[in-house]
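The values are calculated or read from the model by the stated rules, or taken from the named source; none is laboratory data. Keep in mind the model is a prediction, meaning the values are calculated, not measured. Here the Cβ positions follow ideal geometry from the backbone for every residue, glycine too, while neighbour counts run over all protein chains shown. Ligands, DNA and RNA are stripped out before the accessible areas are found, and what is left, the full protein with its side chains, is counted by its heavy atoms. Shrake-Rupley method; radii C 1.70, N 1.55, O 1.52, S 1.80 Å.
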Amino acid sequence: MRIGVALPHYDFSLPDQSPASLDTVVAFAQRAEELGFDSVWATEHIIVGPEAVDPYGRVYDPLVTLGWIAGWTERIGLGTSIVLVPLHNPMHLAKEVATLQELSGGRFTLGVGMGWHREEFHFMGIPFEGRGRRADEAIRLMRALWKGERDFEGEFWSFQHATSEPHPSTQPEIWVGGSSERAIRRALELGDAWHPSRGSDPEHVRRVKAQHPELRVIPRVAAENVEAMLEARAEGAVVSFADEGAMRDFARRFR
């Protein structure tokens, strides 16, 4: 059973929450490691419109944040929950991920999502439609680069006789977010695990596991929903905590 901790690296609007700070982020990561959690996780939004300002108007970049956290920790896993793959050039993203995987000693997991905030795509000049198809190709391309393949022919990106190193000594797992049927198929076909969040409740997870028992399912959930997800046969969870005290109390209950 893998239980990870969502890092508080973006703003919250709740009265008892303060804005994300560097001290809070590193303290959460170090406490999670001390308490024996499996991993810590960071999310991504790059530029948002009014409907997403709360809580994503101020959010630290996940890969930069996790690279920094790697230097403050020793063993705990590092993951993205999630990176918005259609907003990235996959060659650049593959390089960043490979670098982080090597610098962290093989501790990184790439959680990916397709994106829901249409304005974010508009601001960045990237089509919102067709984002899933582009992301599928991006995943294939990144895996090709990590394996050292020098040629790739795709609909959106291609290269021949190319070199991109470092090649990660251990390829990072790719966890696929989303709750649609296409997201589940993407996890089965291209990913190593399905990583749903608020779009999937325990009953949905139970149905998917019954249909695809071979599929690893590790959702992102609030602390109070973890037991229900585990009863639905999820193999673990990435958990959001209000503060370090709540994380400590949870660790006591699940030991």
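Sorted largest first by accessible area at a 1.4 angstrom probe radius, with every protein chain in place, the residues 214, 244 fall in the order 214, 244. Take segment 1-127 with all the other protein chains still there, run a 1.4 Å probe, and you get 43 Å² of accessible area per residue. Put a dot 7 Å past the Cα of residue 252, heading toward its Cβ, do the same for residue 228, and the two dots end up 2.5 nm apart.
Quick one: pull the percent of accessible area on the chain belonging to carbon and sulfur, 1.4 Å probe, ligands and nucleic acids left out. Don't skip to the end; give the middle numbers.
On the way: 6000 of 11930 Å².
So the carbon and sulfur contribution to the accessible surface is 50 percent.
The H on the amide N of residue 112, modeled in the peptide plane, is under 5 Å from the matching H of 83, 175, 176, 177, each at least 5 residues off or on a different chain.
Values of log10 I(q)/I(0) for segment 48-190 across q = 0.09, 0.16 Å⁻¹ run -0.29, -0.92, by the Debye formula with one identical scatterer at each alpha carbon and no solvent. Phi angles across segment 156-166 convert, under the Karplus curve 6.51 cos²θ - 1.76 cosθ + 1.60 with θ = phi - 60°, into 3J(HN,Hα) values of 10, 9, 8, 7, 9, 6, 9, 10, 9, 10, x Hz, Gly and Pro given as x. Between the beta carbons of residue 23 and residue 47, assuming R0 = 22 Å, the FRET efficiency works out to 0.30 to the nearest 0.05.
With contributions of -39500 (n - 2.57) from each DSSP H run of at least four residues, the per-residue ellipticity at 222 nm computed over the chain stands at -11500 deg cm²/dmol.
Just need the relative contact order of the chain here, percent rounded to a whole number, with Cα pairs under 8 Å and 6+ apart.
Numbers: 450 pairs, mean separation 45.2, N = 255.
Here the relative contact order equals 18 percent.
Here the contact order of segment 31-99, divided by its residue count and restricted to Cα pairs under 8 Å and six or more residues apart, works out to 41 percent.
The slack in the chain from residue 133 to residue 198, taken as 0.36 nm per residue of separation less the alpha-carbon distance, amounts to 21.1 nm. Surface analysis of segment 156-231 yields an accessible area of 50 Å² per residue, using protein heavy atoms and a 1.4 Å probe. The relative contact order of segment 136-209 comes to 23 percent, based on Cα pairs under 8 Å that sit 6 or more residues apart.
A simple rule links phi to the HN-Hα coupling: the Karplus curve 6.51 cos²θ - 1.76 cosθ + 1.60 with θ = phi - 60°, which for segment 31-39 gives 5, 4, 5, 4, 7, x, 5, 6, 6 Hz, with x for Gly and Pro.
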